[in-house]
Structure formats: C-alpha cells, structure tokens
Amino acid sequence: MKNILLIISLFAICVGVKGQTMKGDVRPEVLIETTMGNIRVELYNETPLHRDNFLKLIREDHFYDSLLFHRVIPDFMIQGGDPSSKNAPKGAMLGEHSLGYTLPAEIRLPQIFHKRGALAAAREPDDVNPKHESSSTQFYIVYGRRQGEKGLQRGRENLEKLFGDSIRMTKEMEDVYTTVGGTPHLDGAYTVFGQVVEGMDVVDRIQHVERDANDRPLEDVRIIRATILRDK
C-alpha cells in the first residue's frame with residue numbers, strides 16, 4: 001500500500017458538496033492526551049461518516065491509545081493514526097497502514113475548510129484514489145502559517161481545478177487564512193471533520209520537534225489515550 005500522505009494532485013475529481021452549518025448544533029468532543037500535552041477537538045455533525053467512525057474507534061476499540069504522531073511538518077500539520085506505530089522501532093518508516101476500509105469524502109466547502117486547528121482525514125494519493133476517499137484511521141491537525149496573496153492564489157487555483165466555477169474561496173475564508181492561518185491548497189481534496197478548540201499550543205510544540213528525513217519525530221510523540229468528552 002502506498003504511503004497515506006497529504007498530496008494534492010493537479011488533476012482531481014470533484015466531490016459533491018452537501019450540508020449546511022446548523023446554528024446551535026451540539027458537536028461531539030474528544031480529548032487527545034499526548035506525551036506533550038492535551039488537545040481537545042470537536043467533531044462536525046456535517047461530516048457524519050467521519051464523525052461516527054472516529055467516535056467508534058475511540059469508544060469501542062480505544063484505537064488511538066499509544067499510537068504515535070508519526071509525521072510532523074513545521075508550519076503545516078501533525079499526522080497520526082497509523083496502527084503500526086504503536087510498537088514501531090526507532091527510525092522505522094510509518095504511514096502505510098490503517099484498517100481495511102476507507103470512508104467516502106465529505107467535502108463541506110465553503111463552510112468547513114482547512115483553517116488552523118482543522119482536524120482532517122489523511123488519504124492515499126490521487127493516482128490510486130481518484131474519489132479522495134479517506135483513511136479509516138489516519139488523521140492530521142492543521143497548523144498552517146498565515147497566508148499571503150501567493151498562498152491564497154494557490155488555494156483559489158486548486159478549487160478551480162477541482163470544482164470549476166461552482167465553489168470559490170469566500171471572503172471569510174480569505175480573512176481566516178490571512179489573520180489566523182491554515183492550508184488553503186488542501187481545500188476540496190481532503191475531508192475536514194473537526195476542529196481543535198483547546199490545545200493549539202500543544203500542536204505548536206509537536207510540529208517543532210526534531211525529526212528525521214521522513215518527518216518522523218526523533219523522540220516519539222505518543223497519544224496516551226483518546227476519550228470522548230461529549231458524545232453525539
């Protein structure tokens with residue numbers, strides 16, 4: 001199986017956009033305890049397949065307990081959820097494994113996008129995954145620097161390739177990307193299914209650890225446990 005990496009193809013197939021943000025919606029919350037501190041995330045009800053899968057893995061299987069953040073890139077993201085990382089020796093290349101199924105993409109633009117703190121599903125590259133189906137287990141949390149016009153334009157061009165004129169970057173998205181930060185070039189090709197609501201300082205520390213040539217931290221950054229604070 002090819003590495004499940006965050007790769008954007010210049011020729012991607014559009015995924016339908018459905019769902020609207022619901023005012024007053026009560027969202028599930030999950031606590032991710034790590035060896036570098038705690039991260040609290042809320043899950044979007046607008047992405048029910050990803051929400052329910054993540055909750056099931058935590059509730060029934062305690063799946064994420066003891067797994068590593070196996071790939072970190074400064075000013076970009078931190079990635080975890082490879083089941084083989086639990087007992088992986090130092091220096092082993094990680095990122096190739098998940099469970100034996102994928103999830104259909106749930107793209108919810110322009111309401112839900114890759115702003116700083118976004119929780120999103122990793123996936124295999126476009127050449128073997130043209131429908132942008134998500135890994136069943138691997139996820140990433142966006143850090144993403146504040147964007148200038150070059151970064152915004154890259155995001156706009158990617159949306160145009162994916163969706164033509166049907167979806168464009170909104171003024172709200174531009175304002176968030178320029179003042180808060182994020183990764184606009186990932187919009188439309190990966191499913192965002194949650195958001196960090198507490199612990200971005202921990203994400204910041206994790207993304208700056210020393211790492212090897214495969215972007216694996218030299219000293220393991222481990223998820224001690226993931227627990228549900230508020231269920232759906």
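Just to check your reading of the model, which residue among A213, A189 is free of Cβ contacts under 8 Å to residues at least 24 places away in the same chain and closer than 30 Å to D65 by Cβ?
A213
Is it true that A213 is over 18 Å from R146 (Cα atoms) and either crowded, with 20+ Cβ neighbours inside 10 Å or of a type in the set (K, R) (or both)?
Considered against the rule, which asks whether it is over 18 Å from R146 (Cα atoms) and either crowded, with 20+ Cβ neighbours inside 10 Å or of a type in the set (K, R) (or both), A213 comes out as no.
Pick out the one residue from A92, A120 that is surrounded by fewer than 23 Cβ atoms within 10 Å (Cβ to Cβ), of a type in the set (G, A, S) and at negative phi.
Answer to the check: A92.
Answer yes if at least one residue in the stretch 123-131 is under 12 Å from the mean Cα position of the chain (by Cα), surrounded by 15 or more Cβ atoms within 10 Å (Cβ to Cβ) and touching a residue at least 60 places away in the same chain (Cβ under 8 Å), and no otherwise.
Yes, there is a match, as at least one residue in the stretch 123-131 is under 12 Å from the mean Cα position of the chain (by Cα), surrounded by 15 or more Cβ atoms within 10 Å (Cβ to Cβ) and touching a residue at least 60 places away in the same chain (Cβ under 8 Å).
Just one of (1) closer than 20 Å to P125 by Cβ; (2) exposed (fewer than 14 other Cβ atoms within 10 Å of the Cβ) trips up D175, so point out which.
(1)
Looking only at the stretch 53-105, which residues are acidic (D, E), under 12 Å from Q138 (Cβ atoms) and in contact with a helix residue (DSSP H, G or I) (Cβ under 8 Å, 6 or more places away or on another chain)?
Scanning the stretch 53-105 gives a single hit, E96.
What are the residues in the stretch 25-67 that are surrounded by 21 or more Cβ atoms within 10 Å (Cβ to Cβ), part of a loop (DSSP other than H, G, I, E, B) and not hydrophobic (A, V, I, L, M, F, W, C), if any?
Y44, T47, Y64
Test of understanding: among Q138, Q147, which residue is under 29 Å from I206 (Cα atoms) and free of Cβ contacts under 8 Å to residues at least 60 places away in the same chain?
None of the others qualify; the one that does is Q147.
Checking G117 against (1) modelled with pLDDT under 95; (2) closer than 30 Å to I224 by Cβ; (3) under 17 Å from the mean Cα position of the chain (by Cα), only one condition comes out false. Which one?
Here G117 meets the rest and fails (1).
The values are calculated or read from the model by the stated rules, or taken from the named source; none is laboratory data. Computed from a predicted model, the values in this text were never measured in an experiment. FYI the Cβ positions are ideal-geometry reconstructions off the backbone, even for glycines, and counts take in every protein chain you see.
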